[in-house]
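Everything on this sheet refers to the single structure shown next.
The values are calculated or read from the model by the stated rules, or taken from the named source; none is laboratory data. Since we're looking at a predicted model, the values are computed, not measured. When we count neighbours, we look across all protein chains shown, and the Cβ atoms used for this are built from the backbone with ideal geometry, even at glycine. When the accessible area is computed, the model is the full protein with side chains, heavy atoms only, and any ligands, DNA or RNA have been set aside. Shrake-Rupley method; radii C 1.70, N 1.55, O 1.52, S 1.80 Å.
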Amino acid sequence: MMDDISKTDPEILELVKKEGIRIRNGVELIPSENFVSKAVLQAYATFYTNKYSEGYPGKRYYGGNQFVDMVENLAIERAKKLFGTEHVNVQPYSGSPANQAVFFALLNVGDIFMGFDLSAGGHLTHGSPVNFSGKQYKCVPYNVNRETELLEYDVIMKQAKECKPKMILSGLTAYPRKIDFEAFKEICDEVGAYHFADIAHIAGLCATGLHQNPVPYCDVVTTTTHKTLRGPRGAIIMCKEKHAQAIDKAVFPGLQGGPHDHVTAAKAVAFKEALQPSYKKYCEQIVKNAKALAGSLMDNGLELVTGGTDNHLMVIKLVNKGLTGKGKEIQNALGEAEIYVNKNSIPYEPNTPFNPSGIRLGTPAITTRGMKESEMKVIGESIAKVIDNYTDKAIIEKAKNDILELCNDFPLYPGMEVLR
Ligand code: DSN
C-alpha cells in the first residue's frame, strides 16, 4: 500500500511511520479524537478525491457524477436512518463550517442568539468573541452553576426571556454530563427561538440511545463525523424539512464549493458501521470506560468538574492541587509519558485559555482499541502520578513504560507492526 510513496516521498513516509508508532505506543485520551476502521480509511483513500461535483445529487454543475450521486445518496440515506432526521446535508467540510452554515441559514448578521460559554464547555463557534459567531452575531452566553458546575435550565429560561434570542445553541465540547435537549426546546418555544444543537462530541451516544437524541427537539442539529461517530474528518447538518432548502443553500453555494467526495464515501462507510449492533456495544463501553477512568482519577486524589461524568469525557480540575494555570505543563508532562490529553479551561476559569487550569480527557479512542475498565484503572493511576510529580523525569519515564506495556496488548491496526 505504501510502495509508491516510499519511492516518491520517503520523507513523508517516514513521518507517517513515526505517527503510527506514536499512536501505537501511547494512549489517546483527547475526547474529540478516535481511530477509524480500515474500511473507512480505504474509502477515504480513493479516486473520489479527484472529482468535482458542486451541487447536489441529480443537480450538479459538472459532468461525470453518476457514481458520486450514488455515494452521496447512500451517505444521506444512512445518516437519516442513524439519527431519524427528516433532512441531512452530508457535504460540510468540518464542524466549524457546518455551524457557520446554520448561522448563515437561520440568522441575519447582528441577530441575538444564546450559546454555551466556552470555558464551561461550549465551543468557539457557540459565540466566542474571537470567532465569526461572536463577531458577526450578538451572543448572550449561558453558563453553569458556579457550585454544581451543572446547566440550570430555569436560569437559562430566565435569561432567554430577558434577551429574546432568535436562536439558542445547545451542545458541548467539555461538559461531562447529559444535556436535556427537550428542556432547551421548551425554552426555545417559550421565547420563539430556533433550537440548534451541536452534538459533535456525543453523536455516537445520541445515535445509539445512550444520550437523548436532540433531533426531535431541534430545528437543526450538526455533528462532526470523526469523534464518537468514528468516521472521517467532516460534518453533517440535520434539520426539519422546512429548513432543508435554507441549509442546503447555505452550504452550497453559500459557503462551500465542491464537496470532498472521497470523504463522503468514507462518511457513508462509517454510518453503515454505526448502524450495526456492535457499534452500540462500542458506545456502551465508551461510557463504562469513562466512568471507570473518572473513578480511578478520583480514587487517586484528583478532582473532576461536576464530580464525574455521564458521557465520554471528563475534565480534571488542577486548582485544588495548587496547579492553577498549569494545564499546559501537565499536558506536556503527560505527553512525555505518551498519555495524550488536552489542556482545557474549567468553568469560571481563573487563568487564561492558553494556560488554563484543567485537563480534558475521554475514552472514545482507547475504547476503539479494545481497552476496558481494568485498563482504565491503570491509566488513571499513571495520570495521577504524573500530575502529582510533573517535573520528575523518573516518574514520567516509569509511567511511560507502564503505558507501553499496556498498549502492547492492544494492537491498533493489525499489521501496523510493519511500520516499525
Ligand atoms: N476541536 C474540537 C474538540 O476538541 O472538542 C471541537 O471542534
>> Suppose the filter is touching a strand residue (DSSP E or B) at 6+ places or on another chain (Cβ under 7 Å), away from the ligand (no atom under 16 Å from the Cβ) and hydrophobic (A, V, I, L, M, F, W, C); does F181 pass it?
In response: yes
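For segment 348-371, give me each residue that is open to solvent by 50 Å² or more (accessible area, probe 1.4 Å) and within 16 Å of the ligand (Cβ to nearest atom).
Hits for segment 348-371 are P353, F354.
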>> I'd like the full set of residues that are within 16 Å of the ligand (Cβ to nearest atom) and of a type in the set (A, V, I, L, M, F, W, C), limited to segment 144-178.
In response: L169, L172, A174
> So which pairs qualify, if the first residue must be in segment 181-193 and in a loop (DSSP other than H, G, I, E, B), the second must be β-branched (V, I, T) and surrounded by 12 or more Cβ atoms within 10 Å (Cβ to Cβ), the Cβ gap must be under 7 Å, and the two must be at least 6 apart or on different chains?
Replying inline: A193/I168
>> If N320 satisfies all but one of (1) surrounded by fewer than 18 Cβ atoms within 10 Å (Cβ to Cβ); (2) out of contact with any Asp or Glu (no Cβ under 8 Å at 6 or more places or on another chain); (3) not basic (K, R), what's the number of the condition it fails?
In response: (2)
> When you look at A193, is it aliphatic (A, V, I, L, M) and in contact with a Pro (Cβ under 6 Å, 6 or more places away or on another chain), yes or no?
Replying inline: yes
> Taking A250, is it among the hydrophobic types (A, V, I, L, M, F, W, C), under 16 Å from P92 (Cα atoms), open to solvent by 10 Å² or more (accessible area, probe 1.4 Å) and away from the ligand (no atom under 16 Å from the Cβ)?
Replying inline: no
>> Given the options H260, H226, name the one that is out of contact with any strand residue (DSSP E or B) (no Cβ under 8 Å at 6 or more places or on another chain) and either within 16 Å of the ligand (Cβ to nearest atom) or charged (D, E, K, R) (or both).
In response: H226
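Looking only at residues in segment 126-143 that are within 13 Å of S170 (Cβ to Cβ) and within 20 Å of the chain's Cα centre (by Cα), which one is nearest to the ligand (Cβ to nearest atom)?
Of everything passing the filter in segment 126-143, H126 is nearest to the ligand (Cβ to nearest atom).
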> Only one residue in A105, A101, A120 is under 18 Å from L255 (Cα atoms), small (G, A, S) and within 16 Å of the ligand (Cβ to nearest atom). Which one?
Replying inline: A101
> Out of S278, S345, S374, which single residue is buried (at least 22 other Cβ atoms within 10 Å of the Cβ), out of contact with any Asp or Glu (no Cβ under 6 Å at 6 or more places or on another chain) and at negative phi?
Replying inline: S345
> Which is assigned to a helix (DSSP H, G or I), closer than 26 Å to L210 by Cα and not acidic (D, E), of S374, S382?
Replying inline: S374
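This table checks each residue for (1) within 20 Å of the chain's Cα centre (by Cα); (2) closer than 25 Å to L275 by Cβ; (3) surrounded by 14 or more Cβ atoms within 10 Å (Cβ to Cβ).
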| residue | (1), (2), (3) |
| --- | --- |
| I23 | yes, no, yes |
| P31 | yes, yes, yes |
| F35 | yes, yes, yes |
| Y52 | no, no, yes |
| P57 | no, yes, yes |
| D69 | no, yes, yes |
| N73 | no, yes, yes |
| Q91 | yes, yes, yes |
> Of these, V305, V287, V315, which one is open to solvent by 10 Å² or more (accessible area, probe 1.4 Å) and modelled with pLDDT of 95 or more?
Replying inline: V287
>> I'm checking my understanding of the structure. Among residues of segment 1-35 that are in contact (Cβ under 8 Å) with a residue 40 or more places away in the chain, of a type in the set (A, V, I, L, M) and more than 16 Å from the ligand (Cβ to nearest atom), which one is nearest to Y282 (Cα to Cα)?
In response: V27
> In segment 111-125, which residue that is under 21 Å from D219 (Cα atoms) and open to solvent by less than 30 Å² (accessible area, probe 1.4 Å) is farthest from the chain's Cα centre (by Cα)?
Replying inline: F113
>> Anything in segment 1-20 that is out of contact with any helix residue (DSSP H, G or I) (no Cβ under 8 Å at 6 or more places or on another chain), assigned to a helix (DSSP H, G or I) and not polar (S, T, N, Q)? List them, or say none.
In response: D3, D4, K7, P10, E11, E14, L15, K18, E19
